[in-house]
Amino acid sequence: MRRVLNPGRRVRLDDVAAEVGLSTASVSLVLRGAPGPSAATRERVLEAAERLGYRPDRAASLLAAHRSRLIGVLLEVRSTFHAELVDDLHETVEQHGYDLVLSTITRSRSERRAVETLLDSRCEALVLLGPDAPAERLVELDRQVPVVVVSRWVDSPDVDVVRFADEEGVAQAVEHLTELGHRDIAYLGGHPGVIAAERQRGYRLAMDRAGLAARTLPGGADEAAGMSAARELLDSAEPLPTALVAFNDRCAVGLLDVFVRNGVDVPGQVSVVGYDDDQLARLAHVALTTVAQDTATLTEHAISLLMQRLDGSRTEHREVVLPPALVVRRTTAPPREC
């Protein structure tokens, strides 16, 4: 007689054992693929397990083995670039038999709280996407579990880092514009933090090398920051710069939105360059010139560093710096006076 299980209750190992009239030990051997049970017994057990909808309790098994096989990921919930990184991370960690736990930074949820959630979830290692925490805090975290910082320079040799050379990337954007003939090139900054500081430094150095005066505008990390900066430029008595380099693609899209709504020709009147090459930048009606960060390459290196730490094959820390690449699309052109 078949057992009637309560609806909604998880099917347990002893339910399968009772269904086939065997001990839980024998059923466990079958489900683990261990030697011992006959072919007929294996067939009975597997058929019953499938019919009952039995799934192994992965968490309990890992807890017994003192492992979670979980990698925690810190990300900014509104960042399309982070979303692409997470997509690649999922694919990469699954190849190593791990899974991800995501913890997000929001307007009401701090980075520290998001990281504490990952530690409370028993993650074996952490991937921190563009964190703002000081180097001392990152090193402290690395003493608890292996940590890799992605897309940000860290002023310490005691934590693993995988990043693109942000200074060089912004410099490529400035050099592209100067080669087109632009001389009045402004920079729309990001929110306070290490990443924003690195990119702005790259802009200033590139402008110095070109013998041009730097002009920086306060910004942020999203479309609203770009829209606000564009309105201020249009309301100003000063002429528009002939080109703008934005902290990221989201800021650049905000600039484009206001310019289009106000009849400003891009790139005829002003050229715009972003940073990240996220999905927005690639849309046909946006076609943003931008500095690309290859998410697949970033995640491949990040997970490789974590696996080396987790399996004990490497104890020293490493920094992997990747070269950025400018992607030229429709939002840049020579200034009209050239």
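The values are calculated or read from the model by the stated rules, or taken from the named source; none is laboratory data. Because the structure is a prediction, the values reported are computed rather than measured. Ideal geometry is used to build each Cβ from the backbone, glycine not excepted, and the neighbour counts take in all protein chains shown. Surface areas here come from the heavy atoms of the whole protein model, side chains and all, with no ligands, DNA or RNA. Shrake-Rupley method; radii C 1.70, N 1.55, O 1.52, S 1.80 Å.
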Could you go through the stretch 272-282 and let me know if any residue there is under 24 Å from the mean Cα position of the chain (by Cα), open to solvent by less than 10 Å² (accessible area, probe 1.4 Å) and among the polar types (S, T, N, Q). no
- Condition test on Thr289, is it in contact (Cβ under 8 Å) with a residue 60 or more places away in the chain and either under 20 Å from Phe164 (Cα atoms) or open to solvent by 50 Å² or more (accessible area, probe 1.4 Å) (or both)? yes
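Every residue, every condition in (1) farther than 24 Å from Ala296 by Cβ; (2) of a type in the set (S, T, N, Q), yes or no:
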{"position": "Ser156", "(1), (2)": "yes, yes"}
{"position": "Arg163", "(1), (2)": "no, no"}
{"position": "Gly169", "(1), (2)": "no, no"}
{"position": "Gln172", "(1), (2)": "no, yes"}
{"position": "Thr178", "(1), (2)": "yes, yes"}
{"position": "His182", "(1), (2)": "yes, no"}
{"position": "Ile195", "(1), (2)": "no, no"}
{"position": "Glu198", "(1), (2)": "no, no"}
{"position": "Ala213", "(1), (2)": "yes, no"}
Contact list, first residue from the stretch 42-55 and in a loop (DSSP other than H, G, I, E, B) and among the polar types (S, T, N, Q), second anywhere and modelled with pLDDT under 85 and surrounded by fewer than 15 Cβ atoms within 10 Å (Cβ to Cβ), beta-carbon distance below 9 Å, six or more apart or interchain, is none
Checked the stretch 292-324 for anything among the small types (Gly, Ala, Ser) and touching a residue at least 40 places away in the same chain (Cβ under 8 Å); matches are Ala296, Ala302
*asked:* Could you go through the stretch 133-149 and let me know if any residue there is buried (at least 23 other Cβ atoms within 10 Å of the Cβ), more than 26 Å from Arg201 (Cα to Cα) and without any contact (Cβ under 8 Å) to a residue 40 or more places away in the chain.
replied: yes
Residues of the stretch 116-137 being farther than 19 Å from Thr299 by Cβ and not hydroxyl-bearing (Ser, Thr, Tyr), in sequence order, are Glu116, Leu119, Asp120, Arg122, Asp132, Ala133, Pro134, Ala135, Glu136, Arg137
Of the candidates Thr299, Thr331, the one satisfying the condition of being open to solvent by less than 10 Å² (accessible area, probe 1.4 Å), under 30 Å from Ser68 (Cα atoms) and in contact with a Ser or Thr (Cβ under 6 Å, 6 or more places away or on another chain) is Thr299
Over the stretch 305-328, the set of residues assigned to a loop (DSSP other than H, G, I, E, B) and either open to solvent by 70 Å² or more (accessible area, probe 1.4 Å) or touching a Pro at 6+ places or on another chain (Cβ under 8 Å) (or both) is Asp311, Ser313, Thr315, Glu316, His317, Arg318, Pro323, Val328
For the stretch 178-196 the number of residues that are open to solvent by less than 50 Å² (accessible area, probe 1.4 Å) and either at pLDDT 95 or above or within 11 Å of Asp166 (Cβ to Cβ) (or both) is 12
Note: among Glu232, Glu238, just one is acidic (Asp, Glu), open to solvent by 50 Å² or more (accessible area, probe 1.4 Å), out of contact with any Cys (no Cβ under 6 Å at 6 or more places or on another chain) and farther than 22 Å from Gly181 by Cα, namely Glu232
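Yes or no, residue by residue, for (1) under 20 Å from the mean Cα position of the chain (by Cα); (2) within 17 Å of Gly274 (Cα to Cα):
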| position | (1), (2) |
| --- | --- |
| Val148 | yes, no |
| Phe164 | yes, yes |
| Leu177 | no, yes |
| Leu180 | no, yes |
How many residues of the stretch 101-128 are of a type outside the set (Gly, Ala, Ser) and surrounded by fewer than 22 Cβ atoms within 10 Å (Cβ to Cβ)? The answer is 15
Per the filter on the stretch 67-126, residues among the charged types (D, E, K, R), free of Cβ contacts under 8 Å to residues at least 60 places away in the same chain and assigned to a strand (DSSP E or B) are Asp99, Arg109
